[in-house]
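Since the structure comes first, as structure tokens, the remarks are kept for the end.
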Amino acid sequence: MLKLAIIRQSYRPDGGAEKIISRLLDGLRRRADVQVSIITQKWQKNILSDSVSILQVARKGWFRSSRFKYFINGVNRVLHTTHFDLVQSHERVPGCQIYRAGDGVHAEWLRIKISREGILGRLFSFFSLFHRVMLRAESKLFHHPNLEVVICISQRGKRDVLHHYPTIDPSKITCIYNGIDIDNYHPKFNVINNPVRVKLDFSPDTPVAIFVGSGFTRKGLDDLLEALVFAVDWQLLVIGKDKKQNRFIEKSRKLGVNNRVHFLGVQTQVQDFYSAADLLIHPAWYEPFGNVVLEAMAMGRGVLVSSNCGASELVEEGINGYVFDTGDSKQLANLLDKCKDRTLLKSLGSNARRTAEQYPISRMVDELLAVYQTLLTENFDENEK
């Protein structure tokens, strides 16, 4: 039996990475030959099967930077006392065999973030202890001799790794797109009298877009609100949270679009909200993939996706959605104007569903298991020499 350790600092119910780990675990638990342990500081036991064990390390420190350093130390203690055949990290923990770069490349996100900030924001980012800790850990991770495989979740992610860490062997990097539960996200949930539309008093002909994500700045909500100034017919559902949500509410008021923007918080059953919308907009400044794009596609909804989003690689222009230049709110507004056409929306949605059907969870699990098998075979052959 394969003993696999998965490293993730904590579980957040609205987190995309956590959804993927849950989907991965759901796929792996069907394989009797895989025993999974999660090394974490905080996790929700009820989302796991009994066959998955949780190895919890102490959560110490007042700040994110110190908590992360304590987490790395705690992980190393576990790995020194417990044997695993393979260690797969979803965090920037130096020394793992497999690193799944689901959060992307921190150096690239910081570059984009600084390029869009004012002078005070740039100074804060430059001197931020958290960013320095993350960059140091990321560099150690990519240069560590134990690292055998880097799993990127888009070709964009692979390019970012090679750009910022050019000394890494490209043969170590593989691309495995995220998977989606195509039965749980399905057009069958799209009902005529959708309860969300009824509650918000939308007429059947009202065009409705949906934005799903937490951390509104990185996800590009500013650009979307600005686009609504020109896309005057559209209503917007905002699903997710942000510590500075009031800033976005105030911005929508100043732009004069607040009566068309509905902040609905985190939703555990997001299918009703996808069903209430006509298409998804994902205007992220930086997104290694974007699970919400695949979720919306599986629900039979077309997508408008920024060029900095890894899931844009799944978009066929005018077939299942459109890709717009990151930060270009006027271009986004023009696409929204085009997508008022009900015939076009129906076509985009049908094609989007067909795209999503190509990425079931089983495909992601099979590709990961192939990586595991290759590593185990190579390590066995090496030990036999």
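The values are calculated or read from the model by the stated rules, or taken from the named source; none is laboratory data. Nothing here was measured: the structure is a model prediction, and the numbers come from that model. All Cβ positions, glycine included, derive from the backbone under ideal geometry; neighbour counts span all protein chains shown.
Computed quantities for the displayed model
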item	result
Among the residues listed as 154, 171, 139, the single one being of a type in the set (Gly, Ala, Ser) and either within 16 Å of the chain's Cα centre (by Cα) or buried (at least 19 other Cβ atoms within 10 Å of the Cβ) (or both)	154
Test: residue in the stretch 127-136 that is within 19 Å of residue 158 (Cα to Cα) and surrounded by 14 or more Cβ atoms within 10 Å (Cβ to Cβ)	yes
Some residue of the stretch 300-315 being modelled with pLDDT under 95 and either outside any strand (DSSP E or B) or not assigned by TED's automatic domain parsing to the domain that holds residue 196 (or both)	no
Flag for residue 283 being within 21 Å of the chain's Cα centre (by Cα) and over 19 Å from residue 227 (Cα atoms)	no
Tabulated pairs, the stretch 192-214, first surrounded by fewer than 12 Cβ atoms within 10 Å (Cβ to Cβ), second part of a helix (DSSP H, G or I) and among the basic types (Lys, Arg), C-beta under 9 angstrom, 6+ apart or interchain	203/197; 204/197; 205/342
Selection within the stretch 76-116 - in a helix (DSSP H, G or I) and either more than 30 Å from residue 325 (Cα to Cα) or of a type in the set (Ser, Thr, Tyr) (or both)	76, 77, 78, 79, 80, 81, 115
Tally, over the stretch 276-290, of residues that are surrounded by fewer than 24 Cβ atoms within 10 Å (Cβ to Cβ) and either touching a Leu at 6+ places or on another chain (Cβ under 8 Å) or polar (S, T, N, Q) (or both)	2
Meets criteria (small (Gly, Ala, Ser) and not assigned by TED's automatic domain parsing to the domain that holds residue 175) for residue 284	yes
Positions within the stretch 319-348 being farther than 23 Å from residue 190 by Cα, touching a strand residue (DSSP E or B) at 6+ places or on another chain (Cβ under 7 Å) and not in a helix (DSSP H, G or I), in sequence order	323, 324, 326
Restricting the stretch 235-275 to residues that are small (Gly, Ala, Ser) and either crowded, with 16+ Cβ neighbours inside 10 Å or under 24 Å from the mean Cα position of the chain (by Cα) (or both), the residue that is farthest from residue 295 (Cα to Cα)	252
